[in-house]
Amino acid sequence: MTESSKTGIIAAIAAVSTFLAWTTTTRNYSTGPSSATARINQPLFEKFADPLTAASLKIMKYDSDAEQYEEFEVAKDRNGVWTIPSHENYPADANKQMSEAANLFVGLKALNIASEKRDEHKMFGVLEPDKKKEAEGGDGVGELVQFRDEKGDILADLIIGKVDATDTKKRFVRIPSEDVIYVVELNTNPLSTDFKQWIESDLLKLSSNDIEGIGIRNYSLVKTGQGTLGLSQNYDADLNFNVRDGKWQPTNLVVYDGRVAKPRELDPAEEVNATKLNDMKSALDNLRIVNVAKKPAGVAADLRGEKLQESTLQALQRRGFFASQTSGTDSYELFAMNGDLEVTLKDGVQYLLRFGNGAGASFEPVEAEETKEGEAPKEVSINRFLLVTTRLDESKFPPTDLERVPETVEELKAMEAAKKAALQPVAPSNPTDPLSTEPSTAEPGATEPSVTEPGSSEAGKTDTAKPKGDAAAEGKPAGEEPVKDPVTQSQELTRLARLVSFQDPAPPAELSDEEWKERLEAERERITKENQRKIDQRNDRMAVAKKRVAELNARFADWYYIVSDSEFKRLKIELADLITKKGVGLPVPPPSGLPGSVPGLNIPGLSDQ
């Protein structure tokens with residue numbers, strides 16, 4: 001075979017390979033000027049006509065703050081429930097936002113063509129995101145948005161680039177398989193990759209108005225020289241909120257000096273910081289998480305009360321939660337690196353929030369004016385793991401005060417006699433005024449005006465003394481009675497009613513033995529029914545609370561939550577901030593002495609992490 005023949009064969013093979021690569025590639029850059037022009041004022045995605053057909057949304061863009069690519073995805077699972085696959089399939093509250101996002105692409109039209117040159121993609125900010133090129137940075141990289149239906153077929157696929165300088169409502173965009181850069185009118189706000197925007201905002205599902213008590217366990221875990229952890233306690237506080245006067249009252253306040261717990265009494269000039277506590281209530285009502293981490297298999301079940309496995313203990317420790325085993329039992333007490341918070345609601349549901357280790361950093365928007373690019377400035381936030389569980393506060397369901405059921409007629413008579421004695425009115429201290437409990441101030445021998453019942457023999461008689469305010473003295477015609485104002489009339493009627501009530505009632509007729517037995521049975525039936533009503537009412541309230549606890553624990557069981565540093569600080573109150581001077585708000589210095597330390601907690605599997 002000649003050299004020219006060999007060269008021809010090689011060239012033919014290369015041509016075939018090139019053709020195959022061109023025909024099999026998923027994105028072929030082949031759109032010509034004529035086809036691009038034909039799309040002007042036409043929908044870019046004709047098949048995407050119904051936003052309800054969108055079953056998933058994927059967004060990828062370069063995060064210049066974190067200097068890495070950010071990928072966010074929300075999708076329906078097999079049961080039709082929205083989840084966030086990019087965040088370990090955490091449940092999403094996506095119906096409204098998904099609809100808004102999908103509607104952006106239904107009927108989206110190309111208004112103009114900005115360029116058809118591939119080498120101008122970077123200039124218009126429509127380069128396709130590629131994690132393999134993360135080290136090159138995000139200069140010129142756009143935001144890839146992709147919708148798919150329930151079969152996985154693509155409904156819309158678009159790279160969103162820079163804002164048109166001549167009209168901020170317009171953006172430069174590119175379909176990934178094409179070179180052409182179009183101009184469209186597009187509001188990208190619904191295309192948020194902020195995890196918080198896609199989930200149920202009310203994490204704890206409580207109202208600040210329902211919070212009646214807060215228990216603060218301010219402690220930390222520190223390593224000891226024996227390879228174990230010591231409990232360094234600062235203070236414990238239990239505070240109740242009085243709804244009537246809107247004030248906080250401490251029911252228990254203990255500070256630790258070394259290993260010694262000392263009651264901390266408030267001085268007359270001190271009070272608890274209502275501003276801080278109310279801010280905590282508000283933070284609990286609006287607690288927002290920045291991310292989640294799924295608990296390893298077994299952790300969720302173990303925390304429901306089963307025996308903890310070694311793998312479970314290590315998984316908890318990595319997040320900053322340590323289980324101390326009670327000697328000789330399978331019982332555990334869970335401690336957190338940065339203390340606990342107990343929140344009790346009026347319905348008897350009690351939340352336990354435990355604050356663990358740091359969970360990395362994130363860039364959170366700060367409250368400030370927008371920058372020239374229209375994006376709010378951000379600051380680094382140190383995040384923290386949070387473990388949430390709930391339980392029943394049984395103190396909210398005290399034993400019902402039941403009425404004693406009489407067994408005999410004699411017992412019934414004794415009970416009725418006791419009730420009658422308890423209802424006897426107290427004799428007035430001033431005999432001349434049945435309504436008064438004050439001693440009489442009348443001079444000896446002075447005549448007090450009397451009140452007589454209508455129709456009595458004294459009615460119609462005239463007092464020999466000239467009454468105060470009579471018609472003659474006031475210049476009124478003789479024989480005309482002075483008109484009394486309504487208040488005076490009401491007072492006199494009340495006085496008359498009270499006077500009559502002090503008269504001994506007629507003694508009731510004596511009942512026969514048979515009548516007493518019938519009365520006993522009727523009273524026993526009444527009391528039994530009333531007692532059962534009280535018991536049922538208490539049990540119903542407790543059953544509702546238990547159901548609520550079970551629902552919440554099922555919601556929290558599988559997740560570690562991650563909160564920002566700002567949220568953590570609103571839920572963490574130091575003693576110097578808890579107690580202030582009355583009316584001034586000046587913090588009181590903490591007591592002298594080091595925080596209490598109880599070394600040697602029985603925490604197996606502790607490692608130097």
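Values quoted throughout were computed directly from the atomic coordinates according to the rules given, and no laboratory measurement underlies them. Since we're looking at a predicted model, the values are computed, not measured. As a convention, Cβ positions derive from the backbone with ideal geometry for all residues, glycine included, and neighbour counts pool all protein chains shown.
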(message) Can you compute 3J(HN,Hα) from phi for each residue in segment 401-415, using the Karplus curve 6.51 cos²θ - 1.76 cosθ + 1.60 with θ = phi - 60°, rounded to whole Hz and x for Gly and Pro?
(response) 7, 9, 7, 5, 8, x, 9, 10, 5, 4, 5, 5, 4, 5, 5
(message) Over 29 Å between Cα atoms: which of LYS419/LYS517; LYS546/LYS581; LYS132/LYS569; LYS58/LYS169 fall into that group?
(response) LYS546/LYS581; LYS132/LYS569
(request) Could you work out the relative contact order of segment 232-359, using alpha carbon pairs under 8 angstrom and six or more residues apart, expressed as a whole percent? (result) 12 percent
(message) I need the peptides 400-409, 317-326, 270-279 ranked by packing, meaning the mean over residues of other C-beta atoms within 10 angstrom, with the highest value on top.
(response) 317-326, 270-279, 400-409
(message) If I take every Cα pair under 8 Å that is 6 or more residues apart in segment 230-298, average their sequence separation and divide by the length, what percent do I get for the relative contact order?
(response) 20 percent
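Charges at C-beta only: +1 for Lys and Arg, -1 for Asp and Glu. How large is the resulting dipole of segment 24-198 about its Cα centre, in Debye rounded to 20? Walk me through the numbers before you get to the answer.
Values: 23 positive and 31 negative charges, 95 e Å.
So the dipole magnitude of segment 24-198 works out to roughly 460 debye.
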(request) Step through the residues of segment 257-267 one at a time and calculate ³J(HN,Hα) from phi using the Karplus curve (6.51 cos²θ - 1.76 cosθ + 1.60, θ = phi - 60°), rounding each to whole Hz and writing x for Gly and Pro. (result) 10, x, 9, 9, 8, 10, x, 10, 8, 7, 6
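Hey, fewest Cβ within 10 Å first, where do ILE382, ILE159 land in order? Kindly include the intermediate steps, with their values, before the conclusion.
Details: ILE382 13, ILE159 26.
Fewest-to-most ranking of ILE382, ILE159: ILE382, ILE159.
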(request) Starting at the first residue of segment 101-113, write each ³J(HN,Hα) from the Karplus equation 6.51 cos²θ - 1.76 cosθ + 1.60 with θ = phi - 60°, in whole Hz, x for Gly and Pro. (result) 5, 5, 5, 5, 9, 6, x, 5, 10, 7, 7, 6, 10
(request) Using label points projected 7 Å from each Cα along Cα→Cβ, tell me how many nm separate THR168 and VAL380, to one decimal. (result) 3.0 nm
(request) Enumerate the amide H contacts of ASP164 below 5 Å, restricted to partners 5 or more residues apart or on another chain; note that Pro and chain-start residues carry no placed amide H. (result) LYS170, ARG171, PHE172
(message) Taking 8 Å as the Cα distance limit and 6 or more residues as the minimum spacing, I'd like the relative contact order of segment 24-198 as a percentage.
(response) 27 percent
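Could you tell me which of the pairs LYS61/LYS117; LYS223/LYS547; LYS413/LYS534; LYS205/LYS295; LYS396/LYS420 are separated by over 28 angstrom between their Cα atoms in the structure shown? Provide the component values of the computation, followed by the final result.
Numbers: LYS61/LYS117 22 Å; LYS223/LYS547 39 Å; LYS413/LYS534 24 Å; LYS205/LYS295 21 Å; LYS396/LYS420 33 Å.
Cα-Cα > 28 Å for LYS223/LYS547; LYS396/LYS420; rest within.
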(message) Taking amide H atoms as placed 1.01 Å from N in the peptide plane, list the residues 5 or more away in sequence, or in a different chain, whose amide H sits under 5 Å from that of GLY230.
(response) VAL222, LYS223, THR224, GLY600
(request) Would you pull out the residues with amide H under 5 Å of GLN68's amide H, same chain only if 5 or more places away, H placed 1.01 Å from N? (result) ASP63
